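The values are calculated or read from the model by the stated rules, or taken from the named source; none is laboratory data. Note that the structure is predicted; figures quoted are calculated from it, not measured. Glycine gets a Cβ as well: all are built from the backbone with ideal geometry, and neighbour counts include every protein chain shown.
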């Protein structure tokens, strides 16, 4: 084959130079266009789809880092190269072909294991496995152990040595009462006086008994209150075995002895334990927020009337979440489902109760 003539070589070089200049002009124009678009974005991040990233990654890899630094304007060269590495990694990703591995424990089984272990503190792993088999669930001891460990539940020997307050109270719910004081500021002729209100609440029924209201409680008054609470006919603590109190010095040894003689064991709570008598604390919050804190109490007589009216409202007209939103004492009027709606007001409308008037 004969080499091209000089004239043909000259034409080829001229054409190649023209094409190169055209490419440089196209690249310069595209660079300027990219800069203009970036200025229009105003620093905002451009959202690209996965398909757009893949196309840019494939094209950018062919150019290389040096060329990308001159051309890339939407994203940085390092970003484009990182997209390309991700594209290669996806090619060899075998996660879609993997098997499911060890199956997860069903949520129903997990819930049953936790429930049984919590409600039966002396049941070990084998006992729990047997109980699950009775329900049609085949579970191994290691699975039960793992579930309990994940939720911080100790094995049976350790669980059985400690009885939580929740379990203790549920086991003796009908025999436990809580007692407490709360204070109220009363405006009198000689100024503001602090009155102490002593009450007892039965945990199971939420019934509350106001045992005493006085300006300065003392040991003798507390002894009289103890006699009243254990009266053979009208004593509020008749049939109860435990009374939970705090470390107030008013619960004297004589007070506790009088209750103990009638079969009521006074349990003094440990120091700095405000959550061990939640029912009594909740009643204090209720009577203050709903009644006493919204009144100016002029004298002891007004205080006693307010407490008495709230007690009636609390027992017969107020729904309690701890009793499935029911009333403590439901009257025949409360059960009426027909008739016009009426409203009963106490303390000038401070406490209201809506019911259907059977008449």
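Comparison of 220, 268, 256 shows that the only residue that is assigned by TED's automatic domain parsing to the domain that holds residue 184, within 30 Å of the chain's Cα centre (by Cα) and either modelled with pLDDT under 90 or farther than 22 Å from residue 286 by Cα (or both) is 268.
This table checks each residue for (1) at pLDDT below 90; (2) within 21 Å of residue 269 (Cβ to Cβ); (3) exposed (fewer than 15 other Cβ atoms within 10 Å of the Cβ); (4) touching a helix residue (DSSP H, G or I) at 6+ places or on another chain (Cβ under 6 Å).
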site	(1), (2), (3), (4)
139	yes, no, no, yes
149	yes, no, yes, no
177	no, yes, no, no
183	no, yes, yes, no
212	no, yes, no, yes
224	no, no, yes, no
227	no, no, yes, no
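Residue under question is residue 275, and the condition is that it be assigned by TED's automatic domain parsing to the domain that holds residue 201, over 30 Å from residue 354 (Cα atoms) and modelled with pLDDT under 95; does it hold? When the stated conditions are applied, residue 275 passes them.
Here residue 298 passes the criteria (1) within 20 Å of residue 351 (Cα to Cα); (2) in contact (Cβ under 8 Å) with a residue 40 or more places away in the chain; (3) surrounded by 13 or more Cβ atoms within 10 Å (Cβ to Cβ) except the one numbered (3).
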